[in-house]
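FYI, it's all coordinate maths here, none of it is from the lab. This is a predicted model, so every value here is computed, not measured.
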Amino acid sequence: MSFSRVFQSRIVARPSHRLYSTVPEPTAGGNNAGLVLGGIAAAGVGYYLYKQRQEAQKGTIEKNAEKLGVQAQEAFDKSKERYSDAKSEANLKYEETKAQGVAKAENAVDSAKQSAANAAELAKQKALDVQAAAGEKVKDAGERIKDATK
């Protein structure tokens, strides 16, 4: 038989399909579907517990952040209020100082006007006095000339 087998072609010598006459017996391992479902369920429970713990931690972090946010907002509001108060106070002082400066300037202008008016009146009076004195001198000179010609 080995002699006839040597001369056979390789394709015929090794068929690719099963040439047994009986059906193979099933293995004793069984179906792994239960194991796969159990693994998926365990993974789901683990993920759920992980998420619950993460949410619980996130809650405390968010609560702390919210407390800090409220405190920061209160501090910001207080500083904003103090800024507004200081700004209002500065504006009042500015307006008061401005009004005082305007009043002083008006008083100085009024005083200068009064001094100028007094000086003008005095100069006018002196001019009238000089004019009157000059008139008297001219009149006296005129009378002397008149007396000298008589």
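For the reader, a short list of remarks on this structure follows.
- Restricting Ala133, Ala108, Ala103, Ala116 to those that are of a type outside the set (Phe, Trp, Tyr) and more than 60 Å from the chain's Cα centre (by Cα) reduces the list to Ala133.
- Residue within region 129-146 that is part of a helix (DSSP H, G or I) and of a type in the set (S, T, N, Q) present: yes
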